[in-house]
1. Sort out which residues of the range 48-92 are within 20 Å of Glu182 (Cβ to Cβ), away from the ligand (no atom under 16 Å from the Cβ) and of a type outside the set (Gly, Ala, Ser), and write them in order of number.
2. Mind listing whichever residues of the range 189-208 are away from the ligand (no atom under 11 Å from the Cβ) and closer than 14 Å to Met20 by Cβ?
3. Which numbered condition in (1) closer than 24 Å to Glu118 by Cα; (2) under 20 Å from the mean Cα position of the chain (by Cα) is the only one that Gly73 fails?
4. Does Asp252 count as acidic (Asp, Glu), surrounded by 18 or more Cβ atoms within 10 Å (Cβ to Cβ) and in a helix (DSSP H, G or I)?
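What follows draws every value from the coordinates through simple rules; no lab data is involved. Just so it is clear, the model here is predicted, and its values are computed rather than measured. A quick note on method: Cβ atoms are made from the backbone with ideal geometry, for glycine too, and the neighbour counts reach across all protein chains shown.
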Amino acid sequence: MIDIRSDTVTLPTSAMRQAMHTAEVGDDVYGDDPTVNRLQDMCAELLGQEAALFMPSGTQSNLVALLTHCQRGDEYIVGADAHTFKYEGGGAAALGGIQPQTIPFADNGELPLDQVTEQIKAKDVHFAVTRLLCLENTQHGRVQTIDYMNRARLLADANGLLLHLDGARMANAAVALGVSLEDVSKPFHTVSLCLSKGLGAPVGSVLLGDKAFIEQALRWRKVTGGGMRQAGILAAAGILAITDGFARLHEDHEHAQQLAGHLSRVAGVNVRSGWTQSNMVWLDYDSIEGVDHGHALPAYAKERGVRMSAGRNAGRLVLHSGVSADDVSTVADVVAGYFKQHFS
Ligand SMILES: *Cc1c(COP(=O)(O)O)cnc(C)c1O
């Protein structure tokens, strides 16, 4: 089966399994796990932040950042389609009493900064206290430029806001921009990076910021049940994710370009223009009377060895280490075959 539902489906490499097997470990709640400490030090160095904290998931990493930055009755400004708002179970509100102020993303994945400014609340007892601006890179595969991030930081500084990056796929952004992880991370007070997406680790994210922030975040990690013990078993794979996994990410971007190229010639399929910037291809499907592509397309593909997800009239295809150049052609052929039934 070729699985293009997400880059979370990657399986640990044999080098990762070997590193996990031999990892030196200790009780990380006591700070005693040398492999976790090594991963955290490596990430802090690579991203140019003072300190790092190994987290079980990206959701928990973002949640802990929000809980650390914001008090009950505070507000964060966030994209209406952002992971930290829409795809994290309302955790900030449910567990932190933190109110989201959403803004729709522009077609390039930016939160328009004039709209951000408009939403910052004045000091007034009627209003929540606007504390934080949360951005995402990549956003649905769209790469955010360093220039935009720098302008967001200037806005944050001018208004006394903190700036957090949901950098689940910031490694893809760095590769696409041809810059370092530090360049992508630098404009932010805090950053969350996923090791378990395209970088290929089985589990784990890293939260980064200054030492005072990480000290507080350590407490919130424990409160939210994220204090793991001999977590070096997982961190060992995480170390290979940020070395070997990072080194091969460009292949996924090349495959995404190839796939977008093939699919742009298929009647019934519209490759979302300008969105193929990293490891995702976004598609809009022409509607067909009586057909729900969300059911019919994945079912057709599954019978032909491709696992994919689709909405009724749109969907994304995600490239990762488990998808070869040959697989790209197979996926394109299968999608083309499905639409040929209707559009030939
Ligand atoms: C995957 C993802 C996360 C975190 O997800 P987990 O599955 O909890 O690790 C956060 N933000 C974005 C944009 C993501 O894609």
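1. Once the filter is applied, which keeps residues that are within 20 Å of Glu182 (Cβ to Cβ), away from the ligand (no atom under 16 Å from the Cβ) and of a type outside the set (Gly, Ala, Ser), the range 48-92 yields Gln49, Glu50.
2. Across the range 189-208, the qualifying residues are Gly200, Pro202.
3. Here Gly73 meets the rest and fails (2).
4. Spelling it out, Asp252 is indeed acidic (Asp, Glu), surrounded by 18 or more Cβ atoms within 10 Å (Cβ to Cβ) and in a helix (DSSP H, G or I).
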